[in-house]
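Taking it in order: structure first as structure tokens, then the write-up.
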Amino acid sequence: MDEIDQEAPVPKTLSLKSFRGGYAKSLGLQLGDRIVGLDGEEFLGSAADINERFDVDEEEYTRTQIQAVLTVSRDSRIFNVIIDQPLSVKFEEKDAVEAINPTKMEELLQHAKSDNLSQYMIFYDMKKNAELVLRTKSLLAMIIPPFWFLNQRVWEAAIASLLGLVATLAVHWLLAVIYFAVLCLYVGREHMNLAVSFMSYRRFLYLQTIAAETELQAQKVALSIDEELFFQRPVQGLEQIRPKKRKKNQSKA
């Protein structure tokens with residue numbers, strides 16, 4: 001009986017060993033992250049199993065061929081990530097020894113099966129104040145760019161866009177219409193790049209892209225990844241504790 005137990009295979013998980021491209025890095029994945037779920041089901045397969053799913057011709061692939069939801073474990077903290085491009089990473093198999101909360105694991109796997117998942121980018125500043133950027137088309141950015149600038153708290157861009165509208169309107173109403181149409185087209189098309197640029201301008205650092213059904217769920221997952229984060233604009237229902245400032249020990253000369 002003991003011999004049978006000793007020969008029983010130990011469950012394996014896949015750990016990210018190295019990056020072969022930039023896509024995984026752009027999602028915020030890190031070396032050592034483990035793939036513990038795939039499309040809402042626990043994943044204990046081999047590197048060959050997951051490579052068969054994701055290793056396609058990068059010149060001929062379509063997003064529908066690849067799109068999947070990975071449940072990722074990082075130091076026993078777990079989150080979901082949507083994959084829609086070749087992952088381009090090298091895996092290594094490791095024993096499944098991480099102490100993942102089974103209730104949390106089941107919750108994340110159930111979320112991964114949802115058809116209403118959205119992608120959120122987590123940013124934070126030096127004081128650990130956190131912000132989320134939704135990686136989907138913004139109707140506000142497409143039809144009222146100045147209000148979208150205000151929502152992003154980039155006052156300079158909002159003022160500049162309004163001043164441009166006033167200036168063109170002073171010349172001719174038709175010029176103002178053309179100006180506003182071009183502004184809507186540009187901001188509507190480039191608002192994701194602009195949002196990331198605004199975060200950099202405000203000295204926010206990029207942490208991670210996650211998948212969640214709602215902003216409240218996304219904020220909760222962000223706090224589970226880094227408990228020191230603090231949302232200054234929390235969604236109703238979010239419970240968080242402002243970390244106490246660490247006092248610097250002043251040594252006497």
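The values are calculated or read from the model by the stated rules, or taken from the named source; none is laboratory data. Note that the coordinates shown come from a computational prediction; the quantities given were computed from them, not determined experimentally. Cβ atoms come from the backbone with ideal geometry, glycine included; neighbour counts cover every protein chain shown. Please note that ligands, DNA and RNA were not included when accessible areas were found on the heavy atoms of the full protein model with its side chains. Shrake-Rupley method; radii C 1.70, N 1.55, O 1.52, S 1.80 Å.
Some observations on this one:
- Cross-link table Lys113/Lys220; Lys25/Lys128; Lys90/Lys137; Lys17/Lys127; Lys25/Lys94, entries beyond 24 Å C-alpha to C-alpha: Lys90/Lys137; Lys17/Lys127
- Taking one quarter of the surface of the C-alpha convex hull of segment 57-184 gives a mean projected area of 12.9 nm².
- The chain, accessible surface, carbon-and-sulfur percent (1.4 angstrom probe): 54
- Candidate values (i) 0.99; (ii) 1.25; (iii) 1.57 were compared with Cα Rg over 2.2 N^0.38 Å computed on the shown model; the agreeing label is (ii).
- Selection from Gln67, Leu140, Tyr179 lying farthest towards where the dipole of the chain points positive, charges on Cβ: Tyr179
- Where trypsin sites (Lys or Arg not before Pro) fall in DSSP loop in segment 187-218, at most 11 other Cβ within 10 Å: Arg203
- Relative to the Cα centre, the charge distribution of the chain, modelled as +1 at Lys and Arg Cβ and -1 at Asp and Glu Cβ, gives a dipole magnitude of about 2200 debye.
- Computed from phi, the 3J(HN,Hα) profile of segment 172-179 under the Karplus parametrisation 6.51, -1.76, 1.60 (θ = phi - 60°) reads 6, 5, 5, 5, 5, 5, 5, 4 Hz, with x in place of Gly and Pro.
- Sorted into 10 angstrom bins from 0, the C-alpha pair distances of segment 136-253 split as 11, 30, 28, 16, 10, 4, 1, 0 percent.
- Surface exposure of the chain, expressed per residue as accessible area with a 1.4 Å probe, stands at 62 Å².
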